[in-house]
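Contents: one structure, followed by commentary.
The values are calculated or read from the model by the stated rules, or taken from the named source; none is laboratory data. Here the structure is a predicted model, which is why all the values come from computation and not from measurement. We place every Cβ from the backbone using ideal geometry, glycine too, and count neighbours over all the protein chains shown.
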Amino acid sequence: MGLRYTPAVRRRGLGFFRIAKVFEVEYGHRLSKHPERCRFPHGHRLRLEIVLRGERLDANDMVCDYKALKLLVLDLVERLDHALAINADDPKREALATMTERLVPFEGTDPTSEALARWLFDAIAARLAKGRRVVSPGGTAYTIPEGVELERVRVWETATSWAEYVGGP
Ligand SMILES: [Zn+2]
């Protein structure tokens, strides 16, 4: 006999589900306060993990369609692609702006992987607070169910180093 995954089972509250979507993007940054090489503009192949959490499954037996999560965050990832992230107060900002049209200034902080994880988390959380309907380029609408929360954003800067920002309870 197969598993009978009834609504009553869904409501038992014994645990929760997590799903994640992973993006990889080529990106550059400069850490203006760094004492060594990280103060020079350089690049990383970033791995971004966006993790959602939900206690219940939707009518399609999912926390949320992966496509909906992708549509929710894709333009944020695109903004980082082949961009150069800097501290908005970087004393070399003007010179750096002559090198690229794709500057991403971070207000009040160097663009560390911690700051990037927080930036992504805040941007995605603000979108979820505003509305949960996303539409694909082909016109198909998806809804991220109420109760599904953004749990964390993890930013892999190298194969051995990551930082994450985790939402509060
Ligand atoms: Zn770096």
- prompt: Just for the stretch 23-39: of the residues that are part of a loop (DSSP other than H, G, I, E, B) and among the basic types (Lys, Arg), which one is surrounded by the most Cβ atoms within 10 Å (Cβ to Cβ)?
  reply: ARG30
Residues (within 14 Å of the ligand (Cβ to nearest atom) and surrounded by 19 or more Cβ atoms within 10 Å (Cβ to Cβ)) located in the stretch 40-53: LEU46
message: With the requirement that a residue be of a type in the set (Lys, Arg) and not in a loop (DSSP other than H, G, I, E, B), what does the stretch 110-158 give you?
response: ARG118, ARG127, LYS130, ARG133, ARG152, ARG154
- prompt: Do we have any residue at all in the stretch 68-83 that's of a type in the set (Gly, Ala, Ser) and loosely packed, with under 15 Cβ neighbours inside 10 Å?
  reply: no
task: Would you point out which residue out of VAL104, VAL63, VAL134, VAL77 is within 16 Å of the ligand (Cβ to nearest atom), under 24 Å from TYR165 (Cα atoms) and of a type in the set (Val, Ile, Thr)?
output: VAL104
message: For the structure I just gave you, tell me whether THR100 is touching a His at 6+ places or on another chain (Cβ under 9 Å) and surrounded by fewer than 13 Cβ atoms within 10 Å (Cβ to Cβ).
response: no
- line: Quick count over the stretch 141-155, residues being out of contact with any Gly (no Cβ under 8 Å at 6 or more places or on another chain) and either in contact (Cβ under 8 Å) with a residue 12 or more places away in the chain or within 14 Å of ALA59 (Cα to Cα) (or both), is 7
statement: The residue that is farthest from VAL25 (Cα to Cα), considering only those in the stretch 151-169 that are surrounded by 10 or more Cβ atoms within 10 Å (Cβ to Cβ) and more than 13 Å from the ligand (Cβ to nearest atom), is GLY167
- request: Output the number of residues of the stretch 26-38 satisfying the condition of being near the ligand (Cβ under 10 Å from one of its atoms) and over 14 Å from LEU80 (Cα atoms).
  value: 4
- prompt: Just one of the numbered conditions (1) surrounded by fewer than 19 Cβ atoms within 10 Å (Cβ to Cβ); (2) farther than 27 Å from ALA20 by Cβ; (3) among the hydrophobic types (A, V, I, L, M, F, W, C) is not true of VAL135; which one?
  reply: (2)
query: In the stretch 138-158, how many residues are out of contact with any strand residue (DSSP E or B) (no Cβ under 9 Å at 6 or more places or on another chain) and modelled with pLDDT of 95 or more?
result: 3
field: In the stretch 19-67, the residues that are closer than 30 Å to GLU101 by Cα, among the aliphatic types (A, V, I, L, M) and touching a Pro at 6+ places or on another chain (Cβ under 9 Å)
entry: LEU31
